[in-house]
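Single-structure report; data block below.
Readers should treat all values here as calculations from the given coordinates under stated rules, not as data from a laboratory. Only a predicted model underlies this, so the values are computations on that prediction, with no experimental measurement involved. Heads up, the Cβs are rebuilt from the backbone with ideal geometry, glycines too, and the neighbour counts pull from every protein chain shown.
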Amino acid sequence: MTQTETITAQIVTILKGAGLTVRDDTDALYSFEYKPCIVIDVGDELADPVFGQGYIYWNLNFDLLIGADGENPKLAPESTRKAAHEALYADRQLGLSDFVVDLNVKQIQRAIDAENPAAGITRVAYQIKYRVEEGTA
Amino acid sequence: MNEYIAVRGLLGQAGALTALIGTRLYPDVLPDNPVYPAVTFQKTDGGNEVGSVSNPGICWAEMQVSTWSKSRIEAAAIVKAASAALDRARLVTVAGVQVDDCFWLFDTDDHDGETRIYFTHSKFKIHYREP
């Protein structure tokens, strides 16, 4: 299991522990699935090599796609976004302090689903910095 | 199959429509020697959401509801009643089928000169669940 897999599984555990509905089997929400629901979209990683010290620091990007229905769709996911963010930021090392260095939120984007006019989708971008020994993943 | 059950259920429970066509509501085609006015409905397109290893049972279908009448005015009234029954039928369970939402897309009017029948094809997109 790579550190990325471990981190993703831990995010799922944290969000489910906060009572949220989470899945990671697609990279988008379904227009008419039961909401509120969160999809974790695991993204790219960029390395910060530390020369001569035997470590690589990785910056892992992941997005939370938060869907909720409401008469004001763009703001319908707000309570779920708040709950998810507070759950993640309760421990910015995600309970993985042996290799996760920090968690940072980067951007929030809001949209209305193309098929379901009541469904708001908020994309919250996060970045996690973690450390591995050179030659491991 | 649930899309047919849902559309038939929504149209069949619409009192304003029933007042105009009675029970003359048929899947796909009119019966032989039909009595007018009448309504048919059929699926013209459809699909479902796709998961990584299984599908979640969230489906959609484009349904054509066709109104057949000897009068354009009567046909227009039936189209209006059918549209009211289907358009934005949201979060309802009909004949055991969960309907997430339904949208009217467009109407096409025409007339058959040989039979002197006026008809309108109304297209709807319905989102529903399969077990």
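Laid out as a table, the results:
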quantity: Filter result for the condition that a residue is within 14 Å of chain B (Cβ to nearest Cβ) and surrounded by fewer than 14 Cβ atoms within 10 Å (Cβ to Cβ), over A:Ala137, A:Ala114; calculated: A:Ala114
quantity: Options B:Thr93, B:Thr18; residue that is outside any strand (DSSP E or B), among the hydroxyl-bearing types (Ser, Thr, Tyr) and free of Cβ contacts under 8 Å to residues at least 40 places away in the same chain; calculated: B:Thr18
quantity: Selection status of B:Ile5, of a type in the set (A, V, I, L, M, F, W, C), within 14 Å of another protein chain (Cβ to nearest Cβ) and within 29 Å of A:Lys35 (Cβ to Cβ); calculated: no
quantity: Residue identified as over 16 Å from the mean Cα position of the chain (by Cα), under 21 Å from A:Gln93 (Cβ atoms) and either within 11 Å of chain B (Cβ to nearest Cβ) or in contact (Cβ under 8 Å) with a residue 24 or more places away in the chain (or both) among A:Tyr30, A:Tyr57, A:Tyr34; calculated: A:Tyr57
quantity: Residue within segment A:72-87 that is crowded, with 19+ Cβ neighbours inside 10 Å and within 14 Å of another protein chain (Cβ to nearest Cβ) present; calculated: yes
quantity: When residues of segment B:110-126 are limited to those that are among the charged types (D, E, K, R) and touching a residue at least 24 places away in the same chain (Cβ under 8 Å), the one nearest to B:Asn48 (Cα to Cα); calculated: B:Lys125
quantity: Selected residue (criterion: nearest to the chain's Cα centre (by Cα)) from residues of segment B:60-83 that are closer than 19 Å to B:Asp100 by Cβ and away from every other protein chain (no Cβ under 14 Å); calculated: B:Val65
quantity: Pairs, first facing chain A (nearest Cβ under 10 Å) and of a type in the set (A, V, I, L, M, F, W, C) in segment B:36-59, second crowded, with 19+ Cβ neighbours inside 10 Å and assigned to a strand (DSSP E or B), C-beta under 8 Å, six or more apart; calculated: B:Ile58/B:Asp100; B:Ile58/B:His127; B:Cys59/B:His127; B:Cys59/B:Tyr128
quantity: Odd one out for B:Ser66 among (1) part of a loop (DSSP other than H, G, I, E, B); (2) in contact (Cβ under 8 Å) with a residue 12 or more places away in the chain; (3) of a type in the set (S, T, N, Q); calculated: (1)
quantity: Residue match in segment B:86-106 (condition: among the acidic types (Asp, Glu), within 14 Å of another protein chain (Cβ to nearest Cβ) and surrounded by fewer than 17 Cβ atoms within 10 Å (Cβ to Cβ)); calculated: yes
